[in-house]
Amino acid sequence: MSHRQLSVLVALAVLSIPSLAQANARLINVVPTDGGCVSGPTGASVQFWDVEPGRTYELTISNVTECANGGTDPTLNVRVNSSNTGNTDVVATLVVAGTYKFSFTLPANAVCTFPMFYCTTPGQNNSGLRVERNDGGPFQAHLRAATFGPGCTNPQPVLGGDCLVVPTRPSTWGKVKSFYR
């Protein structure tokens with residue numbers, strides 16, 4: 001395959017896949033509603049908000065402009081993803097134009113992180129745009145299951161399952177390299 005053919009193929013793939021790069025929404029607040037602890041945000045790239053499993057939190061996202069009539073509809077579909085406990089579709093409610101709140105209870109057996117998406121279609125796990133950092137940086141915001149010390153101090157991530165595994169097939173890079181030979 002020539003470089004020109006490869007370039008055309010890549011361009012077609014990019015145009016046919018929904019872009020997550022255009023996401024504007026930011027996770028700006030996470031508040032416990034039942035006595036749970038929260039810490040954050042932290043992280044130089046992906047931004048983590050440490051939260052306790054089994055507790056309920058009110059989350060606020062702002063800068064919603066890509067759907068919900070430019071962020072003015074009374075509700076917005078949101079999905080909280082988890083490869084360990086399953087994805088959860090929720091409905092956020094309008095606070096002011098472009099800003100929505102929703103409640104989410106972290107499962108009691110939660111581990112790892114929980115990325116969020118907005119402008120989703122309920123039941124379709126590949127829909128939506130990613131919720132990004134509160135400072136507008138080009139990285140996603142995640143809830144992260146954590147344990148806390150007394151007084152909600154010293155958050156420690158709860159690891160387990162596939163937290164640190166990036167699924168790839170051994171031949172993936174070999175196939176990519178073969179295109180450039």
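Any read-out appearing in this document is the output of simple, stated calculations on the displayed coordinates, not a laboratory observation. Remember, predicted model here, so these are calculated numbers, not experimental data. All Cβ positions, glycine included, derive from the backbone under ideal geometry; neighbour counts span all protein chains shown.
A cut-off of 5 Å between modelled amide H atoms, ignoring neighbours fewer than 5 places along the same chain, links Gln47 with Gln140, Ala141, His142. In order along region 28-44, the Karplus-derived 3J(HN,Hα) couplings, from 6.51 cos²θ - 1.76 cosθ + 1.60 at θ = phi - 60°, round to 9, 7, 9, 10, x, 10, 9, x, x, 9, 9, 9, x, x, 9, x, 7 Hz, and Gly and Pro are given as x. Computed packing ranks the peptides 119-127, 47-55 as 47-55, 119-127, most packed first, by mean other Cβ atoms within 10 Å.
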